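Novice: Once you've had a glance at the structure underneath, I'll fire off some questions.
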Amino acid sequence: MLRIGLISDTHGLLRPQAQSFLKGCDRIIHGGDIGRPDVIEQLRLVAPVTAVRGNNDKGAWADDLSEIEVLTFGEVVVYVIHDIAQIDIDTIGAGVRVVVSGHSHKPGVTERGGVIYVNPGSAGPRRFKLPVSIGELLIDGASVVPRLTQLDLRPTD
């Protein structure tokens, strides 16, 4: 079984709680709005990282980030994009099993036509009254189990 960590919208803040949750992952997917290059460097100390550029990822450090990444884990194809509204492919026709996105800061999992859409929410600075959250995909053959978790924060976080 593979454990793929999902994180998004860190906006330059990689919380220790997020790093702790991601320990033991086989790979980490960052859904964009990373904020600073050292966030990716710190995540790489935990596991290999695939990240996409978010609308707030500007500057030379972000130039090498793609807006879309497609990963294959055995029988499972994962399509990664920051803003789900910008998907311009037929995910079912392309054989995509999971779409990972960010942007809205709203954690959620839905399934449409056999495709699982996962937004791990925002693991960075709290926005409005939305939770600070993170997620994972547990992949075993063709089976995918998405899970989201709110990070346990102190009142001052």
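Novice: Starting from segment 4-25, take each residue that is closer than 14 Å to Glu41 by Cα and list its partners that are among the basic types (Lys, Arg) and assigned to a loop (DSSP other than H, G, I, E, B), counting only C-beta distances under 8 angstrom and pairs at least six apart or across chains.
Specialist: Final answer for the pair search is Gly12/Arg36.
Novice: Of the residues that make up segment 100-111, is at least one in a strand (DSSP E or B), free of Cβ contacts under 8 Å to residues at least 60 places away in the same chain, within 18 Å of Ile40 (Cβ to Cβ) and under 18 Å from the mean Cα position of the chain (by Cα)?
Specialist: The answer is no, given that none of the residues of segment 100-111 is in a strand (DSSP E or B), free of Cβ contacts under 8 Å to residues at least 60 places away in the same chain, within 18 Å of Ile40 (Cβ to Cβ) and under 18 Å from the mean Cα position of the chain (by Cα).
Novice: Considering each of Arg15, Arg27, Arg36 in turn, give the residue that is surrounded by 14 or more Cβ atoms within 10 Å (Cβ to Cβ) and under 13 Å from the mean Cα position of the chain (by Cα).
Specialist: Selected residue: Arg27, the only one of Arg15, Arg27, Arg36 that is surrounded by 14 or more Cβ atoms within 10 Å (Cβ to Cβ) and under 13 Å from the mean Cα position of the chain (by Cα).
Novice: Going by what's in this entry, would Gly93 be described as touching a His at 6+ places or on another chain (Cβ under 8 Å) and either part of a loop (DSSP other than H, G, I, E, B) or of a type in the set (Val, Ile, Thr) (or both)?
Specialist: Judged against the criteria, Gly93 is not a match.
Novice: Could you please find all residues in segment 112-135 being part of a loop (DSSP other than H, G, I, E, B) and surrounded by 19 or more Cβ atoms within 10 Å (Cβ to Cβ)?
Specialist: Scanning segment 112-135 gives Pro120, Gly121, Ala123, Gly124.
Novice: Separate question: Checking Ser143 against (1) small (Gly, Ala, Ser); (2) touching an Asp or Glu at 6+ places or on another chain (Cβ under 6 Å); (3) without any contact (Cβ under 8 Å) to a residue 40 or more places away in the chain, only one condition comes out false. Which one?
Specialist: (2)
Novice: Looking at the structure I just gave you, is Arg112 touching an Asp or Glu at 6+ places or on another chain (Cβ under 9 Å) and of a type outside the set (Asp, Glu)?
Specialist: Here the answer is no, as Arg112 does not meet what is asked.
Novice: Tell me, yes or no, whether segment 60-76 has at least one residue that is part of a helix (DSSP H, G or I) and touching a residue at least 12 places away in the same chain (Cβ under 8 Å).
Specialist: The answer is yes; a qualifying residue exists.
Novice: If you check Leu153 against the conditions, is it out of contact with any helix residue (DSSP H, G or I) (no Cβ under 6 Å at 6 or more places or on another chain) and not in a strand (DSSP E or B)?
Specialist: In short, yes.
Novice: With the checklist (1) at pLDDT 95 or above; (2) buried (at least 17 other Cβ atoms within 10 Å of the Cβ); (3) within 18 Å of Gly5 (Cα to Cα) in hand, flag the one item Leu138 doesn't pass.
Specialist: Going through (1) at pLDDT 95 or above; (2) buried (at least 17 other Cβ atoms within 10 Å of the Cβ); (3) within 18 Å of Gly5 (Cα to Cα) one by one, Leu138 breaks only (2).
Novice: Exactly one of (1) under 16 Å from Arg15 (Cβ atoms); (2) touching a strand residue (DSSP E or B) at 6+ places or on another chain (Cβ under 6 Å); (3) surrounded by fewer than 17 Cβ atoms within 10 Å (Cβ to Cβ) is unmet by Pro107. Its number?
Specialist: Answer for Pro107: the failing condition is (3).
Novice: Same structure again: Here are Leu137, Leu151: which of them is within 11 Å of the chain's Cα centre (by Cα) and not basic (Lys, Arg)?
Specialist: Leu137
The values are calculated or read from the model by the stated rules, or taken from the named source; none is laboratory data. All of these numbers come straight from a predicted model, not from anything done at the bench. Glycine gets a Cβ as well: all are built from the backbone with ideal geometry, and neighbour counts include every protein chain shown.
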